[in-house]
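Comments concern the structure below.
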Amino acid sequence: MSLHSDNQRAAFRLLPAVDDVLKEVEALPLAERVDREVLASFVREMVEAWRSEIVAGKLDETQLEGRLSGGGVQRFLERRVRVELGAGIVPVVNATGVVLHTGLGRAPVHSEVADSMAVAARSYCVLEVSRESGKRNRRDDRLSDLLTRLTGAEAGIAVNNCAAAVVLCLQSFAGDQRETVLSRGELVEIGGSFRMPDVMERAGTVLREVGTTNRTRASDYERAITEKTGLLLKVHTSNFRVEGFTEELDTEGLAGLGEKHGIRTVYDLGAGLLECAGATPLGFLGDEPLVRESVSSGLDAVTFSGDKLLGGPQAGLIVGKRDAIDALRANPLYRALRLDKVALAGLEKTLSLHLAGRADEIPSREMMLRPEAQLELAASALAERLGALNGLTATVAADQSQPGSGSAPGVFLDTFVVRVTHSDYSAEQLSSRLRHGSPPVFCRIQDDVVLLDPRTLLDGDRERLLSAFENLSRGDVG
Ligand SMILES: *Cc1c(COP(=O)(O)O)cnc(C)c1O
């Protein structure tokens, strides 16, 4: 008994041999755009995909015949070559209105920050050596100084991201199966499967939940403290909000408890709002905790991201008491989580901008602070240009942008968007073509209409956006 029907066997016989296809397509222009080996792998991929379709009963002999004679090979390979050439980290136009868009790389850095990063990348630099003594020193001494001035903490340290900062604190202060006390109201999941209980398990600490989802008091923490307790942790519930009958222990209360019992205290802030002199306060963020205030309440350490409200490269910053930071640095795990020279150079420059009172120049802050009148003008100008293109209808409407990256749930920023419809495509089709376009554009879809939010357009993006729309008709994306 064969596993396959007669029709399937007939279809299998029609499947072309990889070498035959290669010989045919090597003369085509698409073959010049990728290596021969890569092209061969695409042909194998195609034949395998078609074989699976036959096995699944989704492709019969007649259909396959039609595909082969109707240019199916070329269509498959052209699409595959295009995907290959557009893969990887490619600059895009962010027209979503989500300022700190994790999928689009969070904070675009200040041009001076980008320059520092580029210079550090392509040259030797003073990383772990003292210019005074010529001897080895620590790579983030300068960063620690800048963090100290910015936040009022005694010392600071930087790691790969805020998630790493939390792991380092958990492992250093409460690893080896000691206990971490955390309120049930703060057992959060941060985007991308960073779930507090799971992270704790991996960091080798035992979670000791206290209180309830909506109310946790000092007495709840106090009752949970035993000789096994290593850490009292507080996590900013940055991506959701509990409203109504709520109570939580404030940072002074937590720091006081830690001091009384000789137990480390850490506050994971996530977003990390600084509000330095010379910077316009981000009042719309509501009760987002300030780094400086959290530090001054006497906690051992406070953790926050480099690429959220700070507006710099990806990093996790930890500031706090000197002995706590020294203990983190002494953990061998720090060696695995530390930053490279490029990120450090970018962070130093970003912190310097904050210190120099130039924070409002940092792109993510500038975008969040963009005045409505300016956005309305930008939307109108854009709508006018887009409306003049073939097949497009563009109108301006009031709408809302978002700070993004899980910071500030329920915070929306009033904006004006361009609502675009295309005579030939649905909103989904239009947005797919824009994503694949040149340059790629990411937008928002609402009620089956494509929305373009000028809030997240950077210098030069308007012209890039227009050329993406002009190039639309030339693409062949399905
Ligand atoms: C965003 C966030 C993190 C993770 O930060 P990354 O820099 O993305 O690793 C951790 N904790 C809180 C409270 C956050 O909001």
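The values are calculated or read from the model by the stated rules, or taken from the named source; none is laboratory data. Since we're looking at a predicted model, the values are computed, not measured. Backbone-built Cβ (ideal geometry, glycine too); neighbour counts: all protein chains shown. What goes into the accessible areas is simple: the full protein's heavy atoms, side chains included, and nothing from ligands, DNA or RNA. Shrake-Rupley method; radii C 1.70, N 1.55, O 1.52, S 1.80 Å.
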Under a straight-distance cross-link criterion of Cα-Cα below 28 Å, which lysines are reachable from Lys58, leaving out those fewer than 8 residues away in the same chain?
Lys23
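Tell me the carbon and sulfur percent of the accessible area for the stretch 342-478, rounded to whole percent, probe radius 1.4 Å.
Values: 2780 of 5930 Å².
Of the solvent-accessible surface of the stretch 342-478, carbon and sulfur hold 47 percent.
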Under 5 Å, built H, 5+ apart or other chain: amide partners of Val98
Gln402
Using only C-alpha positions, report the orientation-averaged shadow area of the convex hull of the stretch 327-478, nm², one decimal.
12.7 nm²
Helix-only [θ] at 222 nm, the chain, -39500 (n - 2.57) per DSSP H run of 4+, per residue, nearest 500, equals -12500 deg cm²/dmol
If r is the Cβ-Cβ distance from Thr62 to Gln400 and R0 is 51 Å, what FRET efficiency results, to the nearest 0.05?
0.45
Using the Karplus curve 6.51 cos²θ - 1.76 cosθ + 1.60 with θ = phi - 60°, what ³J(HN,Hα) values do you get for each residue of the stretch 466-472, in whole Hz, with x for Gly and Pro?
5, 5, 4, 5, 5, 7, 3
Once amide H atoms are built 1.01 Å from N in the peptide plane, which residues 5 or more positions from Asp399, or in another chain, come under 5 Å H to H?
Thr415, Phe416, Val417
For the stretch 143-160 and the stretch 196-227, what is the centre-to-centre distance using only Cα atoms, to the nearest Å?
27 Å
Set Lys228/Lys260; Lys135/Lys321; Lys260/Lys321, cut-off 19 Å on Cα-Cα distance; pairs above it are Lys135/Lys321
Förster-model FRET efficiency, 25 Å R0, Glu243 and Glu372, C-beta, rounded to 0.05:
0.35
Quick check: pseudo-label points 7 Å beyond the Cα along Cα→Cβ at Ser69 and Arg131, how many nm apart are they?
7.6 nm
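Applying 1/(1 + (r/R0)^6) with R0 = 51 Å to the Cβ-Cβ distance of Val18 and Arg435, what FRET efficiency is obtained, to the nearest 0.05?
0.95
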Stretched fully, the stretch from Ser52 through Thr421 gains (0.36 nm per residue minus C-alpha distance, one decimal, in nm) 129.1 nm
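Please give the peptides 314-324, 335-345, 78-88 ranked by average Cβ packing (other Cβ atoms within 10 Å per residue), highest first, as a rough proxy for protection. Don't skip to the answer; put the middle values down first.
Details: 314-324: 22.7, 335-345: 17.8, 78-88: 14.0.
Those peptides, ordered most packed to least, come out 314-324, 335-345, 78-88.
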For the stretch 67-102 and the stretch 1-24, what is the separation of their C-alpha centers, rounded to whole Å?
29 Å
Which lysines have a Cα lying under 17 Å from the Cα of Lys341, excluding residues fewer than 8 positions away in the same chain?
Lys349
Using +1 at the Cβ of each Lys and Arg and -1 at the Cβ of each Asp and Glu in the stretch 302-422, identify which of Gly320, Leu353, Leu310 lies farthest towards the dipole's positive end.
Gly320
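Could you do me a favour and compute the accessible area per residue for the chain, 1.4 Å probe, result in Å²? Present the calculation step by step, with values, prior to reporting the outcome.
On the way: 23080 Å² over 478 residues.
Ligands and nucleic acids excluded, the figure is 48 Å² per residue.
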Report Rg(Cα)/(2.2 N^0.38 Å) for the chain, keeping two decimals.
1.20
